[in-house]
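Have a look at the structure below before the remarks.
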Amino acid sequence: MFTRANGMVTNEPVSFEAGVASWERGCSTRNRMEASCLELALEGERLCKAGDFKAGVAFFEAAVQVGTEDLKTLSAIYSQLGNAYFYLKDYSKALEYHKHDLTLARTIGDRIGEAKASGNLGNTLKVLGSFDEAIACCQRHLDISREQKDKVGEARAQYNIGNVFHAKGKQLSWLVAHDSGDLPDGVKETLEKATKYYEMNLNIVKELGDRAAQGRAYGNLGNTHYLLGNYCDAIDFHKERLSIAKEFGDKAAERRAYSNLGNAHIFLGKFDVAAEYYKKTLQISRQLKDQAVEAQACYSLGNTYTLLEDYEKAIDYHLKHLSIAQELNDRVGEGRACWSLGNAYVSLGSHEQGLHFASKHLEISREIGDQNGELTAHLNVAQLQSALGMSSAQQDRQSAPYNADYEAQGARPRLAARYSMDNMNVVKFSPEKKVNRDPSDEECFFDLLSRFQSNRMDDQRCTFEERQNGTVGSALIPASPLQDRISQTALIASPQTEEFFDLIASSQSRRLDDQRANVGNLPGLRITHNNSQVVMGHLRPDGDPQEPGDEFFNMLMKCQSSRIDDQRCAPPSPTPRGPTVPDEDFFSLIQRVQAKRMDEQRVDLPSSREGLEQSTPGSS
């Protein structure tokens, strides 16, 4: 029987065309039609389990086209379709089917189904960046699981909530400039919430004896403590993750644990230990034949040997990274490799080679639209040209002017005002600054503002057009008695009349109706005499013994709020990323480490002449 649970399916594989032809030939009776819907769904489930989600979706969609009167079967199909689209990264379709599943689960009073649908909605909203809505859905999953004494569901809900807070905290940390471990209060609070839910999840999965789930919890706890700057704690958790990965022979998880251990040791200044972990990462990535991950390991090793000042080894690993990036056509990774190679060659005194790679970095940065990379490359090229004694004319031909707001610091030049997702700067107006202006300027300003705002108000008004027969009607609403009433009222009624307010009330009520769940519109649902009683019974207030509480409606309101966010303009695009560059990019990693080391080597200048006089050669 096809259910939500991922049970084993033993039927032999058939082609999609054969499956469709089968149900078309046998759809003369309702029973045969039901069987065909179920058969198609089972084949879709089998294909998804085999990893062929695209073909699985085709069978599930065919099952929906056939339709069924079995509400639980249809709910399971929605759930599977939502998950399949999620794996295909078609998140809008995944969201659509998980919403259908939630509506249907509530209709038939399936509390466990409602919990799972809420959890799936939460995971999808998290990927879409709607974190607050995702938390509301995952919290609903947690509440119902506790109500139903479902420990497995409770653990999953806690893990999912931890994931949402983790993703939100990570995104916030990218948006705000900060030193390593010195997070703004809001970011720190968000990551601490993630840690709390991961710990709750870990306690339950230990109680259940689920070692695989324990491994996932340890890995995520290591990652959140790493972001919080608790590097020793992060190392302890990642070592636990590594142990469980080896226990299960999970090479991919083992590789991630080694990489995370290397990153944590970088921040503790133990570069030699980090290099050994990265070498193990490289070894496993080659075993897995994953070229992108192999390139990431080479990139990390190259930068680690740069920190160890072993520039020849650094160049060797960066050249390997460059070769794979070129093979995979990863221009972002290629640019990072050229930047690193240029710095390494300069450190060895090979300025000509350094200039070659710096120029290549500049070319790639322009191509991919990496403004920060372009400014970095501009400065490096200009400095190397000057060091090589090139004339001003030669420099002008090879290098465009670079931003004057650019200054070097540590291993990586820094922008005084960086317009990127890494550090968003908002224009600030100082209230203390006095500006002399004519009093009439204020009137002009408010007049301009009034006219500008009036245009925005006009955009929200109904537009009426003349029909060919001379009558007036809405361009958006078909001709109807209601439309005629709207037209007449709009023409002759003033805003003070009761008719006008009746019109508004009528219009607004229709908007509310549009947002109500309509079970009859669910795709694939065939309402019959047998199931109509069940459907209507759960829709009537007196027929639903568990009428939705405030929590459910709060969750729905938060989900609906994302529709408003969809109409807002998107923020600036973050720095381009490539498959051969690690998520924890060493551009930021080295900068933060080196900047701290540079700060520690600075000395305070004496503040008075007496201080200068006391400063003598050889004094400490």
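The values are calculated or read from the model by the stated rules, or taken from the named source; none is laboratory data. The structure displayed is predicted, hence computed values, not measured ones. Methodologically, a virtual Cβ is constructed for each residue, glycine included, from the backbone with ideal geometry; neighbour enumeration extends over all protein chains shown. Each accessible area value is taken on the protein alone, full model and side chains, heavy atoms only, with ligands, DNA and RNA left out. Shrake-Rupley method; radii C 1.70, N 1.55, O 1.52, S 1.80 Å.
Mind counting the residues in the range 193-214 that are under 25 Å from PHE131 (Cβ atoms) and either open to solvent by less than 60 Å² (accessible area, probe 1.4 Å) or in contact (Cβ under 8 Å) with a residue 40 or more places away in the chain (or both)?
Kept after step one, since they are under 25 Å from PHE131 (Cβ atoms), are these residues of the range 193-214: 193-205, 213.
When the remaining residues are screened for being either open to solvent by less than 60 Å² (accessible area, probe 1.4 Å) or in contact (Cβ under 8 Å) with a residue 40 or more places away in the chain (or both), the result is 194-195, 197-198, 200-202, 204-205, 213.
Final tally of qualifying residues: 10.
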- Task: Determine whether the range 231-241 contains at least one residue that is surrounded by 15 or more Cβ atoms within 10 Å (Cβ to Cβ), more than 23 Å from GLU133 (Cα to Cα), touching an Asp or Glu at 6+ places or on another chain (Cβ under 8 Å) and in contact (Cβ under 8 Å) with a residue 12 or more places away in the chain.
- Result: no
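If you check GLY186, GLY122, which single one turns out to be of a type in the set (Gly, Ala, Ser) and open to solvent by 10 Å² or more (accessible area, probe 1.4 Å)?
Working: GLY122 fails: open to solvent by 10 Å² or more (accessible area, probe 1.4 Å).
So the residue among GLY186, GLY122 that is of a type in the set (Gly, Ala, Ser) and open to solvent by 10 Å² or more (accessible area, probe 1.4 Å) is GLY186.
Any idea how many residues of the range 146-183 are within 19 Å of GLY129 (Cα to Cα), without any contact (Cβ under 8 Å) to a residue 40 or more places away in the chain and either among the polar types (S, T, N, Q) or open to solvent by less than 40 Å² (accessible area, probe 1.4 Å) (or both)?
Within the range 146-183, the subset within 19 Å of GLY129 (Cα to Cα) is 157-176.
Those left that are additionally without any contact (Cβ under 8 Å) to a residue 40 or more places away in the chain: 161, 165, 168, 172.
If we keep only those that are either among the polar types (S, T, N, Q) or open to solvent by less than 40 Å² (accessible area, probe 1.4 Å) (or both) as well, we get 161, 165.
Qualifying residue count for the region: 2.
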- Message: Checking the structure you have, find out if any residue of the range 78-99 is over 23 Å from the mean Cα position of the chain (by Cα) and not in a helix (DSSP H, G or I).
- Response: no
- Task: Take LYS116 and decide whether it is among the basic types (Lys, Arg) and more than 18 Å from LYS193 (Cα to Cα).
- Result: yes
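Within the range 290-388, considering only helices (runs of 4 or more DSSP H) that don't extend past its boundaries, which have at least 2 residues that are open to solvent by less than 60 Å² (accessible area, probe 1.4 Å) and among the basic types (Lys, Arg)?
On the way: elements: 291-307, 311-327, 331-347, 351-368, 371-387.
In the range 290-388, 331-347 are the helices (runs of 4 or more DSSP H) which contain 2 or more residues that are open to solvent by less than 60 Å² (accessible area, probe 1.4 Å) and among the basic types (Lys, Arg).
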